[in-house]
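Down below is the structure, laid out as structure tokens.
The values are calculated or read from the model by the stated rules, or taken from the named source; none is laboratory data. Note that the coordinates shown come from a computational prediction; the quantities given were computed from them, not determined experimentally. Counting neighbours? That spans all protein chains shown, and the Cβs are built from the backbone with ideal geometry, glycine included. Side chains are part of the model used for accessible areas, which takes the heavy atoms of the whole protein and leaves out ligands, DNA and RNA. Shrake-Rupley method; radii C 1.70, N 1.55, O 1.52, S 1.80 Å.
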Amino acid sequence: MVDGVTTLDAPVPDTAPAPERWSLARPSARRSLILCVIGALIGLAVAGLGLFTAKGTRTFAVPAEDVALVNQVPILMSDYLGQLRALYDVSLREATPAQKRKTLDDMITEELKVQRGVELGMQSDTIEVRQALVGAVEAQTAADAVMAQPTEAELSGYYDANRAAFESEGVMRLADHVLHADATPREIDAAVAALRGAGRDPLAADRIAPRSRLMGEGEEFYFAARLHLGDRLFAVARTLRPGEVSPPVRLPDGVHLMVMQENVVPVAAPFAAARDKVLASYIDAQSKTLTAANDRFLRKRADIQIADDYR
């Protein structure tokens, strides 16, 4: 009412408190925010799916034509079969599990070294270049061992721990006589006594018990004698003095009685005389250790997938 007159179209003042004015808008704003978050999550999921299924990204299965993937680089079945044939002259069906595993491990190691060479800026277009890359990576590792010159104390310790590697080569001349597999203790004792009495007369010894064909008539280096006799007989033979008859050694082919005719045992060269050889051996051992460590590092950081049939 203005001056006693009632005004019908005058605006009515809004006297509602501020919290009541916004209470109706809050649910709508909340729903909008939730929908925005859901939309963003769906977008990220779609983008992630596209990223991991796009061409050139990591696959989770080894293709049928490959035996393994090394950082997504395939090792082809054809190359694997060719390597088996080259190393062992066998087909996939004929190869043993150990041969298959060794072949695949070598191929994976080679591929890792090729990829390392590419990281260093070299290319791998041909087989010759790939071989050069492998050699370059191995040479780089070996160079670290060469540059790290050992102290005299380290060399001396290495010499003491590997003294057998610096011994002269032993030589022996031995007659190996064999009784039948069912020989009784009395027969064995009689043969041992007869062989001791026969001395160095090979004909008399052969009449007592036939000589086997494991050893030749002349001298043999220790490594050859070990190869011919086998570890068990050689372990007994190397302890015999000239003219001594071994204790009986019963094997599937019979009872062996060995008569030592000559035994020149290995002698370790003094450290001072063998120092150059010790240094070369030490560097070689360190190089192999570093190469093995480098191979483990390359494998640890690599993405290697092997087909189920070749694990």
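Quick notes
- Among ASP106, ASP160, the order of accessible area from largest down is ASP160, ASP106, computed with a 1.4 Å probe on protein heavy atoms.
- Taking amide H as placed 1.01 Å from N in the peptide plane, ALA268 has its amide H under 5 Å from the amide H of SER168, each at least 5 places away in sequence or on another chain.
- The H on the amide N of GLY243, modeled in the peptide plane, is under 5 Å from the matching H of MET260, GLN261, each at least 5 residues off or on a different chain.
- Computed from backbone phi with θ = phi - 60° and the Karplus coefficients 6.51, -1.76 and 1.60, the 3J(HN,Hα) list for region 212-221 is 6, 9, 5, 10, x, 7, x, 6, 9, 5 Hz; x is used for glycine and proline.
- Residue-wise HN-Hα coupling along region 292-305, computed from phi with Karplus coefficients 6.51, -1.76, 1.60 (Hz; x: Gly, Pro): 5, 5, 5, 4, 5, 5, 4, 5, 5, 8, 8, 9, 10, 10
- Principal axis extents of the C-alpha atoms in region 253-311 (largest first, rounded to whole Å): 60, 46, 9.
- Exposure check, 1.4 Å probe, all protein chains in place: MET172 carries approximately 0 Å² of accessible surface.
- Entries in LYS100/LYS277; LYS102/LYS288; LYS113/LYS288 that, when Cα-Cα distance is taken, lie over 25 Å: LYS100/LYS277
- Each residue of region 63-80 is assigned a 3J(HN,Hα), and the resulting list reads x, 4, 7, 10, 9, 6, 10, 10, 6, 6, 8, x, 9, 6, 4, 4, 5, 5 Hz, derived from the Karplus form 6.51 cos²θ - 1.76 cosθ + 1.60 (θ = phi - 60°), x at Gly and Pro.
- Here region 253-305 and region 68-101 have alpha carbon centers that stand 29 Å from each other.
- Only protein heavy atoms count here; on that basis, with a 1.4 Å probe, HIS177 has an accessible area of about 0 Å².
- Sequence ranges 178-189, 278-289, ranked by mean other-Cβ count within 10 angstrom, highest first: 278-289, 178-189
- Distance histogram for region 154-300 (every C-alpha pair counted, 5 angstrom bins, percent rounded to whole numbers): 2, 9, 16, 15, 12, 10, 8, 7, 7, 6, 4, 2, 1, 0
- Heavy-atom accessible area ranking, 1.4 Å probe, most first, across PHE166, PHE271: PHE271, PHE166
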